[in-house]
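Colleague: Encoded as structure tokens, here's the structure I'll be asking about.
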Amino acid sequence: MSEVSDVMLNVEHALDRAKKAKKRLGGSAEEHNVQLALAAAIDDLEKVLKGLQRDAYFAGDELRLM
């Protein structure tokens, strides 16, 4: 479980950095695509974090097929 905890810590750090980067970006046309990419990354990282929590800590004895 310590390995899962380390992975979750890294995902949380990446999520925080992505949120900070998104806030720091301006509204120029050049940065619009970066804003969209960061928003998608934030969504994906939040899903990964929730999935790790669910599957590692709250899975119980059930076998997850997919």
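The values are calculated or read from the model by the stated rules, or taken from the named source; none is laboratory data. Here the structure is a predicted model, which is why all the values come from computation and not from measurement. Here the Cβ positions follow ideal geometry from the backbone for every residue, glycine too, while neighbour counts run over all protein chains shown. SASA here: full protein model, heavy atoms, side chains in, ligands and nucleic acids out. Shrake-Rupley method; radii C 1.70, N 1.55, O 1.52, S 1.80 Å.
Colleague: Give the angle, between 0 and 90 degrees and rounded to the nearest 10, that separates the Cα long axis of helix 2-24 from the longest principal axis of the Cα atoms of the chain.
Modeller: With both axes taken from Cα atoms, the answer is about 20 degrees.
Colleague: Related question: Dipole of the chain (Lys/Arg Cβ +1, Asp/Glu Cβ -1, origin at the Cα centre): which of V11, H32, V48 lies farthest to the positive side?
Modeller: The one lying farthest along the dipole's positive direction is H32.
Colleague: Now for a separate question. Return one number: the angle in degrees, 0 to 90 and rounded to the nearest 10, between the long axis of the Cα atoms of helix 29-52 and the longest principal axis of the Cα atoms of the chain.
Modeller: 10
Colleague: Can you send over the carbon and sulfur percentage of the accessible area for the chain, probe radius 1.4 Å, protein chains only?
Modeller: 56
Colleague: Another question about this same structure. Over the chain, what is the relative contact order in whole percent, taking alpha-carbon pairs under 8 Å and six or more residues apart?
Modeller: On the way: 25 pairs, mean separation 29.0, N = 66.
After rounding, I find 44 percent.
Colleague: May I pose another question? What three numbers, in Å, describe the spread of the alpha carbons of the chain along their principal axes, ordered from the longest?
Modeller: 50, 23, 12
Colleague: For the chain, what is the mean residue ellipticity at 222 nm derived from helices alone (per DSSP H run of n ≥ 4: -39500 (n - 2.57); sum divided by total residues; nearest 500 deg cm²/dmol)?
Modeller: Working: 2 runs with 47 residues, N = 66.
Calculated at 222 nm, the ellipticity per residue is -25000 deg cm²/dmol.
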